[in-house]
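Everything below concerns the one structure shown next.
The values are calculated or read from the model by the stated rules, or taken from the named source; none is laboratory data. Keep in mind that what you see is a predicted model, and the values were worked out from it rather than measured. Because the Cβ atoms are built from the backbone with ideal geometry, glycine has one as well, and the counts that use them run over all protein chains shown. To get the accessible areas, we keep the full protein, side chains included, count just its heavy atoms, and leave off ligands, DNA and RNA. Shrake-Rupley method; radii C 1.70, N 1.55, O 1.52, S 1.80 Å.
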Amino acid sequence: ETNLNPDDLIPKLLLEAELESADLTVDTYNLLLLLEPFGVDNVKPKFLVNGLEVVSIRQVGQKKQHAQHVLSTAGKSIPSIAFSFNALEKNIKVGDTIDVAVELMVDNWNGRNEFKMRLVDFKHQVNR
């Protein structure tokens, strides 16, 4: 018989690698497509991106249950979306610096193809 300890009950987020500003491109996304199909035995890769500044936040969706952000790093602005995510509840504000876990994506909403990040999780950056 095996007993669980409290650490066994803490959800863990597995990240493939840390991405730099230069990696946040459609080209990187297209390389990831070579790993498809994604599913149970081949999960979509998630990445760490450190030190992003929150430039804007907008609640979207019929019930305002999603959040669109513009995040900035090294002079580059990257749009992002967080599904089922209330920025106010999560205490994210414009001007905050956050570290994020993301999936890269191309959003085809309304016929536009736009590279963006899907936020999976985040934490406020602590002075390093």
Sparse-neighbour loop sites [trypsin sites (Lys or Arg not before Pro); segment 1-86; at most 10 other C-beta within 10 Å; DSSP]: Lys12, Lys63
task: Over the chain, with every protein chain in place, what whole percent of the accessible area is carbon and sulfur at 1.4 Å, could you tell me?
output: 52 percent
- prompt: How fast does the chain diffuse by Stokes-Einstein, in µm²/s, taking the Kirkwood radius from C-alpha pairs at 25 °C and 0.890 mPa s?
  reply: 154 µm²/s
field: Longest exposed-site-free window of the chain, the sites being chymotrypsin sites (Phe, Trp or Tyr not before Pro) in a DSSP loop that have at most 14 other C-beta atoms within 10 Å
entry: 84-128
query: How large is the accessible surface per residue of the chain, computed with a 1.4 Å probe and reported in Å² as a whole number?
result: 68 Å²
message: Along the charge dipole of the chain, pointing to its positive end and built from +1/-1 on Cβ of Lys, Arg, Asp and Glu, which listed residue (Gln65, Pro11, Thr28) has its Cα farthest out?
response: Gln65
- request: Could you work out how far apart the two model spin labels at Asp96 and Lys64 are, taking each label as a point 7 Å from the Cα in the direction of the beta carbon, and quote it in nm?
  value: 1.6 nm
query: Taking the Cα centre of each part, how many Å lie between segment 94-117 and segment 1-38?
result: 16 Å
message: List the lysines whose Cα sits under 23 Å from the Cα of Lys46, skipping any in the same chain fewer than 8 residues away.
response: Lys12, Lys76, Lys90, Lys116, Lys123
